[in-house]
Amino acid sequence: MNAKNLPDAANLQLTPQGGLHHLLTLRGLDRHLLSKLLDQAETYLSPMGEPPIRTNLLAGRTIANLFFEPSTRTRASFELAAKRLGADVLNLDVNTSSRKKGESILDTIYTLQAMQIDVFVIRDASAGIPAYIVGNVEPHISILNAGEADVSHPTQGLLDLLTIRQCKGAFEDLTVTIVGDIAHSRVARSVAEGLTTMGVGELRLVSPRSLAPDPATVPRAIITDDLERGLRGTDVVMALRIQRERIADLQGIPGADEYYANFGISSERMKLAAADAIVMHPGPMNREVEIESGLADSPQSVIARQVTNGVAVRMAILAAVTESQKCR
Ligand code: CP
């Protein structure tokens, strides 16, 4: 597989009728569709302490989780989302699967496809894998990108949009600041794409210069290494960890203490932001590196809410793609 020869993932996602058949990236999905998914996700939320919403919408369907990179939140929430919609769920244990004996990812997919899987949820460290699989599975099957290299993480982007919308309302009136390793973050890219589509007022991306993004990938964002400028008056602050596993040469990349001293988000630094600003983190977080531990647990933090929203958003996506399968 050569990612450069693959069709643009943004063009592979919709049915001719405009339904969502695959979710590979937030690029190419319009504001109406994103809003519809967020609205649907809202219907799957119940007050904390009450039983979660359950339906039989996906009864008889089978969802396969294939995570070739570690995950806690995304994998668990896809499993819960599928079960709460009444689907059967297969969680492939990659460490004991035949991929360890040299089976290719496509042969693994073909094997599971023969067991009548309806939706594959895939996380992989290589760019282009979700689009490559779309081009090779039976056309009725849906592919959901659960994290693709440093390229995109669309379900995370959607749950972050939902959290921001719940806490802050209209995107047009907001300034959102993302602080951290923007260069290697699939979360930053998907959140930036989603916020841009939703018409966010201002998007600021703050990082050390060694972790700054290619400006061409985030054309409407303000890119800076000045944390004070990034935080001043902002409504939303999202902290990101340094993705050391994606960086071949760590020369010039700040260590944990240096990073925390210069870019760590603390209660003191949050005084620069709007008085009612919220703090987000996609997880997994490194306390006292990208975020002060007390701030992560403070009333300003919506990190737990992001996790709760993750299940609801993934339920909405599963519902949408299986609905599109019926219309094919
Ligand atoms: N945010 C996120 O993708 O977390 P996991 O790696 O735990 O799934």
Exercise for review: Kindly indicate which of Pro284, Pro219 is surrounded by fewer than 17 Cβ atoms within 10 Å (Cβ to Cβ) and within 16 Å of the ligand (Cβ to nearest atom).
Suggested key: Pro284
Practice item. Assess whether Ser46 counts as being among the small types (Gly, Ala, Ser), within 22 Å of Pro282 (Cα to Cα) and away from the ligand (no atom under 16 Å from the Cβ). Key: yes
**Study point:** Test: Ser126 is under 25 Å from Arg27 (Cβ atoms), away from the ligand (no atom under 16 Å from the Cβ) and of a type in the set (Gly, Ala, Ser)
**Key:** yes
Review point. Here are Arg99, Arg54, Arg73, Arg61: which of them is modelled with pLDDT under 95 and assigned by TED's automatic domain parsing to the domain that holds His140?
Key: Arg99
Point to revise | Some residue of the stretch 44-59 being closer than 16 Å to Thr155 by Cβ, under 17 Å from the mean Cα position of the chain (by Cα) and touching a residue at least 40 places away in the same chain (Cβ under 8 Å) | key: no
Review point. Which one of these is among the aliphatic types (A, V, I, L, M) and surrounded by 21 or more Cβ atoms within 10 Å (Cβ to Cβ): Leu205, Leu227?
Key: Leu205
Revision key, fill the gap. Considering residues that are basic (Lys, Arg) and either surrounded by 22 or more Cβ atoms within 10 Å (Cβ to Cβ) or farther than 22 Å from Asn145 by Cα (or both), the number found within the stretch 295-314 is 1
Practice item. Among the helices (runs of 4 or more DSSP H) lying completely within the stretch 231-328, list those that include at least 1 residues that are hydrophobic (A, V, I, L, M, F, W, C), at positive phi and assigned by TED's automatic domain parsing to the domain that holds Ala76. Key: none
Check your understanding: Picking from Thr196, Thr224, which residue would you name as being touching a strand residue (DSSP E or B) at 6+ places or on another chain (Cβ under 6 Å), not charged (D, E, K, R) and not assigned by TED's automatic domain parsing to the domain that holds Ala9?
Key -> Thr224
Check your understanding: Taking the stretch 72-90 as the region of interest, how many residues are touching a strand residue (DSSP E or B) at 6+ places or on another chain (Cβ under 6 Å) and within 13 Å of the ligand (Cβ to nearest atom)?
Key -> 4
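The values are calculated or read from the model by the stated rules, or taken from the named source; none is laboratory data. Note that this is a predicted model, so its numbers are computed, not measured. Every residue, glycine as well, gets a Cβ built from its backbone with ideal geometry; the counts of neighbours run over all protein chains shown.
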